[in-house]
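To keep things clear, I will list the structure first and then write my remarks on it.
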Amino acid sequence: MDKFQDFENWLKANHKLNWRENLAAMNLIDKILMVPDLEKVSSISILNQLLSALRNNISFGGKSKTEKDREIKSFKLFIQYKEEKLQKEKEV
């Protein structure tokens, strides 16, 4: 099972037509950031710090603007997924 399986399911459930692209971007981001168990991070604050770290990462800096934009968008979707998941957990 892919480590981002829950995120993939969320993308599909929310009719994200480019879910494969977003999932591929998250797997690349996981390799760039090298955060153990990135998929388990639930703190929105930490995820936002990681987004900032991604933007400043040397290996990320060498990418084209299109690639950067796509990966940033994918990471923001991942944060949105985590926010919604936390909200649902609070409601239960």
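The values are calculated or read from the model by the stated rules, or taken from the named source; none is laboratory data. Because the structure is a prediction, the values reported are computed rather than measured. Glycine gets a Cβ as well: all are built from the backbone with ideal geometry, and neighbour counts include every protein chain shown.
Can you list residue pairs whose Cβ atoms sit under 6 Å apart, with the first residue in the stretch 24-41 being acidic (Asp, Glu) and the second being at pLDDT 95 or above and outside any loop (DSSP other than H, G, I, E, B)? Count only pairs 6 or more apart in sequence or on different chains. Correct list of pairs: 30/38.
Quick one: in the stretch 39-84, of everything that is of a type in the set (Ser, Thr, Tyr) and more than 16 Å from the chain's Cα centre (by Cα), which residue is nearest to residue 16 (Cα to Cα)?
Among those that are of a type in the set (Ser, Thr, Tyr) and more than 16 Å from the chain's Cα centre (by Cα), it is 66.
Here residue 47 passes the criteria (1) of a type outside the set (D, E, K, R); (2) in contact (Cβ under 8 Å) with a residue 24 or more places away in the chain; (3) in a helix (DSSP H, G or I); (4) surrounded by fewer than 17 Cβ atoms within 10 Å (Cβ to Cβ) except the one numbered (4). Confirm whether residue 87 is polar (S, T, N, Q), surrounded by 11 or more Cβ atoms within 10 Å (Cβ to Cβ) and either within 10 Å of the chain's Cα centre (by Cα) or at pLDDT 90 or above (or both). Answer is no for this residue. With respect to the conditions (1) of a type outside the set (Gly, Ala, Ser); (2) out of contact with any Leu (no Cβ under 7 Å at 6 or more places or on another chain); (3) surrounded by 15 or more Cβ atoms within 10 Å (Cβ to Cβ), residue 2 falls short on a single one, namely (3). Among the residues of the stretch 52-84, the one identified as at pLDDT 95 or above, among the basic types (Lys, Arg) and in contact with a Phe, Trp or Tyr (Cβ under 9 Å, 6 or more places away or on another chain) is 82. Looking only at residues in the stretch 14-43 that are outside any loop (DSSP other than H, G, I, E, B) and of a type in the set (Lys, Arg), the one that is surrounded by the fewest Cβ atoms within 10 Å (Cβ to Cβ) is 40. Applying the criterion of being part of a loop (DSSP other than H, G, I, E, B) and among the polar types (S, T, N, Q) to the residues of the stretch 50-73, the residue that is surrounded by the most Cβ atoms within 10 Å (Cβ to Cβ) is 57.
Residue 77 meets each of the listed conditions (1) part of a loop (DSSP other than H, G, I, E, B); (2) crowded, with 17+ Cβ neighbours inside 10 Å apart from (1).
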